[in-house]
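The structure appears below as structure tokens.
The values are calculated or read from the model by the stated rules, or taken from the named source; none is laboratory data. Worth saying up front: this structure is predicted, and the values here are computed from it rather than measured. For neighbour counting, all protein chains shown are included, and Cβ atoms are generated from backbone atoms with ideal geometry for every residue, glycine included. The accessibility values were calculated without ligands, DNA or RNA, using every heavy atom of the protein model including side chains. Shrake-Rupley method; radii C 1.70, N 1.55, O 1.52, S 1.80 Å.
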Amino acid sequence: MSFYDEITALDIKSYARQVDASSDSEVSRALSKSRSGDPLDLGDFMALISPKAAPYLSDMAVLAEKYTRRRFGNTVSMYVPLYLSNRCLNNCRYCGFAAHNKYPRKHLLPEETRRECEAIHRMGYENILVVSGEDPRVCGMDYFREHLPIVAEYASYMSLEIQPLDTGEYREMKQLGVDYVCVYQETYDPECYRINHLSGKKRDMRYRMETPERVGDAGIDKVGLGALLGLFDWKADVVALTRHLMYMRRHYWGTRLSISFPRLRPAEGGFQPEYPVSDRQMIQCLCAWRLFDHELEISISTRESPRFRDVITPVVITSISAGSSTQPGGYAEDHHDLPQFIISDSRSVTEVTAALRRCGLEPVFREARSQIPGMAEASGF
Ligand code: SF4
């Protein structure tokens, strides 16, 4: 049974009600297990993100920071997104790259990709996240076969955030040097998913949701899960995402897992989030996640404000971007045509790394792969 089969057999809206119904005693049991380092179950997680746990946020943050430092030391991995293309055949209501937005489109030529990589190299990055819109007519496997070897010359760790692929294609991506694949589910509620994904292959919710399993089957080192907070009731999506994480831990024990909590930001086309998540609620969620899973990698992008990033990074974050451009050609040629979303933290790499050091953290520009070669393959089935 795939995770899609598991989650769609449930009514995830009921998770929000269960979270809200958490009692004081359930919160205190979850906090007590967190203090002693005992494993938490899904009920404990729900209690920790509930309104009843809100008064204990500073206690949760202290514990979360302790477990983050114990597992990851005082380092934070630095990554940078490299946008190869803003062409997309999908119509996601919340995204500036959606096909219905009539703006100039661009995909990089090989020499432009090299210029972007050189500009990124000058910024000090070796951990590069390759991003593109989903238009396999232009950016299909042939395009990536031509461009990823160029990126690999500049990257010691290469990540992908592109259209979902088949297992065989992911195996080839691994051969091309890909270490990490991010595929965010956006929302786990089928109705909300249908409403927000108007056309294109992304409307196939099953294919998208089973992508992390195909990545695991292909033996890629790490897979990134996430939900786009603000699309649907965040409590329901956060609990569903936790179940997804549990599923992947059970079935792909050798695959490293990362999560991201992109919060919806205004984009071209005038989209406004319907279910906004406050800073406090988001911090509570992130702390709950760390208490639930001490091994979990958590990344944060420049969608979030400098203040929010400076506060949360020492507590739970393991990887952070800085100096990002969300446009193809944005590093070498400073394009300002069509951003995917509005960047909130526009500080330079130097400013962000200085802020990290003020918190006693060491920014690391070279990410290590798994210690045991072949471990990811061994865990898939
Ligand atoms: S979110 Fe991704 S798939 Fe959807 S329109 Fe934007 S680039 Fe395309």
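Result for the chain in a Gaussian network model with C-alpha springs under 10 Å: among GLN185, GLN272, GLN327, the largest mean-square fluctuation is at GLN272. For the chain, the solvent-accessible area with a 1.4 angstrom probe is 39 square angstrom per residue.
Stretched out straight at 0.36 nm per residue, the stretch from ARG206 to ALA9 would grow longer than its current Cα-Cα span by 69.7 nm.
The accessible-area ordering, largest first, of the residues GLU65, GLU274, GLU297 stands as GLU274, GLU65, GLU297, per a 1.4 angstrom probe. Highest mobility in the GNM of the chain, judged by mean-square fluctuation with C-alpha springs under 10 Å and restricted to PHE45, PHE232, PHE72, is found for PHE72.
Among beta bridges from DSSP that stay inside the chain, the antiparallel ones total about 10%. Applying 1/(1 + (r/R0)^6) with R0 = 51 Å to the Cβ-Cβ distance of TRP253 and GLU274 gives a FRET efficiency near 0.90. Contact order, relative form, for the chain: 25 percent (alpha carbon pairs under 8 Å, 6 or more residues apart, mean separation divided by residue count).
The listed residues ARG122, ARG249, once ranked by accessible area (1.4 Å probe) with the largest placed first, stand as ARG122, ARG249. Length gained on full extension, ARG71 to CYS359, computed as 0.36 nm times the residue gap minus the Cα-Cα distance: 102.0 nm. Taking only protein heavy atoms and a 1.4 Å probe, the accessible area of the chain is 51% carbon and sulfur. Given a 1.4 Å probe and the protein chains as shown, HIS251 ends up with an accessible area of around 40 Å².
Summarising the label geometry, the points placed 7 Å from Cα in the beta-carbon direction at ARG145 and SER36 lie 5.8 nm from one another. In summary, the lysines within cross-link reach of LYS52, defined as a Cα separation below 20 angstrom excluding same-chain residues under 8 places away, comprise LYS13, LYS33, LYS235. Here, the chain yields an orientationally averaged convex hull projection of 16.9 nm² when only Cα atoms define the hull. Database note for the chain: Cys without another Cys beta carbon under 4.7 angstrom, CYS88, CYS117, CYS139, CYS182, CYS192, CYS285, CYS287, CYS359. Counting charges near GLU65 (Lys, Arg +1; Asp, Glu -1) among other residues having Cβ under 13 Å from its Cβ returns a value of +4.
Taking 0.36 nm per residue of sequence separation and removing the Cα-Cα distance, the GLU191/GLU351 pair yields an extension gain of 53.4 nm. Using Cβ point charges alone (K and R +1, D and E -1), the dipole size of the chain about the Cα centre works out to roughly 540 debye. Across SER25, SER299, SER36, mean-square fluctuation computed from a Gaussian network of the chain (C-alpha pairs under 10 Å connected) peaks at SER36.
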